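The values are calculated or read from the model by the stated rules, or taken from the named source; none is laboratory data. Computed from a predicted model, the values in this text were never measured in an experiment. Every residue, glycine as well, gets a Cβ built from its backbone with ideal geometry; the counts of neighbours run over all protein chains shown. Accessible surface is based on the protein model in full, side chains and every heavy atom, while ligands, DNA and RNA are left aside. Shrake-Rupley method; radii C 1.70, N 1.55, O 1.52, S 1.80 Å.
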Amino acid sequence: MKIRPPASFTHFSVPAPTAADWLVGAALVVVAPLIREVPFWVSAGYIAAVALRFLHTHRHWPQPARWLRWGLALAAVVLVQRHFGTLLGREPGVSLLVLLTGLKLLELQSLRDAAIA
């Protein structure tokens, strides 16, 4: 006898707004103490990514394309390297972590993604 997962856990089901909201809320709580410590443009990038996630979830905006998400991740790495002169160290590492955490929220496509994240 094969056990099937509930229909809500299929790969193609879109996460409910509450699941995405909880995940975004947890990310905001974790990143909030770092917002004042990183450069302004890093904080702005993070807040922009969270705002895009909100608009996608609640206003049904289209999800950014894969090539755009890859480009934004590459741009984050390049900008951090240009600003700090290196990717190694506490300040560049934290800045990159904050930016990539915001970009990770844009990758939510299914309920499984919200459950694993």
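Can you name the residue in the stretch 32-61 that is out of contact with any Gly (no Cβ under 9 Å at 6 or more places or on another chain) and charged (D, E, K, R) and is also least open to solvent (accessible area, probe 1.4 Å) among such residues?
Glu37
To keep it simple, each residue is scored yes or no on (1) modelled with pLDDT under 95; (2) open to solvent by 80 Å² or more (accessible area, probe 1.4 Å); (3) closer than 26 Å to Thr18 by Cβ.
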{"site": "Gln81", "(1), (2), (3)": "no, no, no"}
{"site": "Lys104", "(1), (2), (3)": "yes, yes, yes"}
{"site": "Leu108", "(1), (2), (3)": "yes, no, yes"}
{"site": "Asp113", "(1), (2), (3)": "yes, no, yes"}
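Mind checking which residues of the stretch 51-81 are of a type in the set (Val, Ile, Thr) and either in a loop (DSSP other than H, G, I, E, B) or touching a helix residue (DSSP H, G or I) at 6+ places or on another chain (Cβ under 6 Å) (or both)?
Initially, the stretch 51-81 is screened for residues of a type in the set (Val, Ile, Thr), giving 57, 77-78, 80.
Scanning the stretch 51-81 gives Thr57, Val80.
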